[in-house]
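*Asks:* Before I ask anything, let me first share the structure, which is written out below as structure tokens.
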Amino acid sequence: MSEIRHFVDIEALSGDTLRDILDEAKARKSARGERGKAAVDDSRPMEGRLLAMVFDKPSTRTRISFDVAMRQLGGQTLVANAADMQLGRGESVADTARVLSRYVDIIMIRTHAPEILDEMIANATVPVINGLTDATHPCQLMADVMTYEEHRGTIAGKTVTWAGDGNNVADTWIQGAARFGYALRLATPEELRPATEVLARARDAGADVTVTGDLETALNDTDCVVTDTWVSMHDGDSTDRHNLLAPYQINERTMALARDDAVFMHCLPAHRGEEVTAEVIDGPRSVVWDQAENRLHAQKGILSWCLG
Ligand code: CP
Ligand code: NVA
């Protein structure tokens, strides 16, 4: 039997595989036409296939883009909230994985600890997609790279600056640096820096990643500015966190330190007036709506790769 293709993390896949997924995403996007909605692409490669999505955290983009992607490819979907499943009453993830594998062709899970995803993968007999954990968000990075490249050409050799919390999305950008060939500067407060193992693994893989507390230096002459919420779904909200992160806000003054042609990116949901001001996220350098749209196209690339 051939090996099951799980979309688990950026660092688990080769640069060539990630590029193949993006090529498929781009081809699917151009086949659909304007904003991905016109039904020009009538091929139905997922006909007869069913995607189950298990959510242990809220979602707008991931849930709806996977649902629409699967339907546009001719497949079907179902959504299960973990709290409403027996998982919520203590049934193991392993048993859940075994059972779901008997019903559906592919599973996407958004959950808490990465170990839950690992347990799902270890016990599923169908492909499993990481729809975000406390540690990473690989589907998001695929859409982000696709978006940058649509606007500015290849991301290889470019400089990306991450501003703010060293969270799950930051760790995914770290994993992407070696695979996609961009240099990454992270400007984060000392208390919220990415884990040293995550940085060490990326550097061992050849990534050019630097970490600083100084946002202004990190933004100087950069090609791409990225930020995310100050309070992720797995964080407790606190005044401390807001105080620590306030100096890392992307606003007109800080955005002006980047190159004139730098783009602003945010995976959303955003909090205007916190990590970014309205002038920037709603301004001419922001590509956030293209990022959100490209989740749909990127999911098609991911689903197609997983299901061969
Ligand atoms: N960016 C993202 O994953 O959004 P959702 O939480 O709405 O899925
Ligand atoms: N860092 C955010 C990303 C949301 C898509 C979170 O985990 O809540």
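*Asks:* Do any GluC sites (Glu not before Pro) in the stretch 1-95 lie in a loop, going by DSSP, with at most 10 other beta-carbon atoms within 10 Å of their beta carbon, and if so which?
*Replies:* Answer by residue number: GLU3, GLU47.
*Asks:* Taking the Cα atoms only, what angle lies between the long axis of helix 61-72 and the longest principal axis of the chain, rounded to 10 degrees?
*Replies:* Compared with the principal axis, the helix lies near 40 degrees.
*Asks:* If you stretched the chain out fully between ASP23 and ASN243, how much longer would it get, using 0.36 nm times the residue separation minus the C-alpha to C-alpha distance?
*Replies:* Gain in length upon complete extension: 75.0 nm.
*Asks:* For n ≥ 4 DSSP H runs only, could you compute -39500 (n - 2.57) per run for the chain, divide by its residues and tell me the 222 nm figure to the nearest 500?
*Replies:* The per-residue figure over the chain is -12500 deg cm²/dmol.
*Asks:* Additional query: Report, in degrees rounded to the nearest 10, the 0 to 90 angle that the Cα long axis of helix 93-103 makes with the longest principal axis of the chain.
*Replies:* 50 degrees
*Asks:* On to the next question. For an R0 of 30 angstrom, estimate the FRET efficiency from the Cβ-Cβ distance between GLU252 and ASP208 and round to the nearest 0.05.
*Replies:* So the FRET efficiency works out to roughly 0.60.
*Asks:* Apply the Karplus parameterisation 6.51 cos²θ - 1.76 cosθ + 1.60, with θ equal to phi minus 60°, to every residue of the stretch 165-178 and state each ³J(HN,Hα) to the nearest whole Hz, in sequence, with x for glycine and proline.
*Replies:* Ordered by residue, 3J(HN,Hα) equals 6, x, 9, 4, 6, 4, 4, 6, 4, 4, 4, x, 4, 6 Hz.
*Asks:* Out of residues 5 or more away from MET108 or on other chains, whose amide H comes under 5 Å of its own, with H placed 1.01 Å from N in the peptide plane?
*Replies:* ALA52, MET53, VAL54, ILE129
*Asks:* Starting from the residue with the highest accessible area, list HIS6, HIS151 in decreasing order, probe 1.4 Å.
*Replies:* From most exposed to least exposed: HIS151, HIS6.
*Asks:* Using 15 Å as the cut-off for backbone N distance, which residues of the stretch 258-272 belong to the label zone defined by a point 7 Å from the Cα of ASP282 along Cα→Cβ?
*Replies:* In the stretch 258-272, the label zone of ASP282 (backbone N under 15 Å from the point 7 Å along Cα→Cβ) covers 270-272.
*Asks:* Listed highest first by mean packing, meaning other Cβ atoms within 10 Å per residue, what order do 215-225, 245-255 come in?
*Replies:* Going from most to least packed, we get 215-225, 245-255.
*Asks:* Now for a different question. With a 1.4 Å probe and every protein chain left in place, tell me how much accessible area LYS26 has, in Å² to the nearest 10.
*Replies:* Result for LYS26: roughly 80 Å² accessible.
*Asks:* Okay, moving on. Once both labels are modelled 7 Å past Cα along the beta-carbon direction, what's the GLN76-VAL99 spacing in nm?
*Replies:* So the label points at GLN76 and VAL99 sit 2.0 nm apart.
*Asks:* Once amide H atoms are placed 1.01 Å from N in the peptide plane, what residues at a sequence separation of 5 or more from ASP208, or on another chain, have their amide H within under 5 Å of its amide H?
*Replies:* For ASP208, whose amide H was placed from the backbone, the distant partners under 5 Å are LEU184.
*Asks:* Accessible area of the chain with a 1.4 Å probe: how many percent of it is carbon plus sulfur?
*Replies:* 47 percent
*Asks:* At R0 = 51 Å, how high is the FRET efficiency between ALA122 and ASP221 if r is their beta carbon distance? Nearest 0.05 is fine.
*Replies:* 0.70
The values are calculated or read from the model by the stated rules, or taken from the named source; none is laboratory data. Everything numeric here is computed off the predicted structure, so don't read it as measured data. Please note: Cβ atoms are built from the backbone with ideal geometry, for glycine as well, and neighbour counts cover all protein chains shown. These area figures cover heavy atoms from the full protein model, side chains too; ligands, DNA and RNA do not enter into them. Shrake-Rupley method; radii C 1.70, N 1.55, O 1.52, S 1.80 Å.
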